[in-house]
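The values are calculated or read from the model by the stated rules, or taken from the named source; none is laboratory data. Values in this document were obtained by computation on a predicted structure and should not be read as measured data. Cβ: placed from backbone, ideal geometry, glycine included. Neighbour counts: every protein chain shown.
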Amino acid sequence: MMLTYKRHSNFSKWLKQLLKKFRTLEEDIKTVQRSAIELLLLRSLDNRSIDLIPNFNSDTVRIYKIRKFSCKSLKWKWVQSGIRIIFAYFPERQEVEYLEIYYKADQENMDYDFAKEYFKNINTCESIEVDTKTQRKMDSIGNLWKNKQ
């Protein structure tokens, strides 16, 4: 199995700003995909660099935070670079969507406002889809019942 990776437009915007300070971020993100995300999500090997954010889970999406992110531009800091990445994982589709990236020195207290809004919107859309499917089934059963009478 392979994971597919997407980037939310906000993530791309914040990444572009951080690339001015840390030029190796693109390469570092590819490394963390192999060394942490795929190990955790595909092989169930937890190297304790990724945390599941409490209260941001459902059957269809889980929101994670990468705490231990090694940035080559910050050689002396290793995995304590202070760079954090928030991502959503969709198990059914085997898809990861990067939501936020930030540098702790610039943004000390993370309030997860964007992740909260994203999670709320995803769950609302999915419940609407389920309701629509259920309604279609009910309509088709109703039509069959009417035709039999």
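The criterion of being within 16 Å of L25 (Cα to Cα) and at pLDDT below 75 does not hold for S127. The set of residues from the range 98-116 being under 13 Å from the mean Cα position of the chain (by Cα) and modelled with pLDDT of 70 or more comprises Y98, L99, E100, I101, F114, A115, K116. For the range 36-49, a residue qualifies if it is at pLDDT 90 or above and under 16 Å from I83 (Cβ atoms), and the qualifying residues are A36, I37.
The set of residues in the range 18-34 being surrounded by 13 or more Cβ atoms within 10 Å (Cβ to Cβ), assigned to a helix (DSSP H, G or I) and either under 15 Å from the mean Cα position of the chain (by Cα) or not aliphatic (A, V, I, L, M) (or both) consists of D28, I29, T31, V32, Q33.
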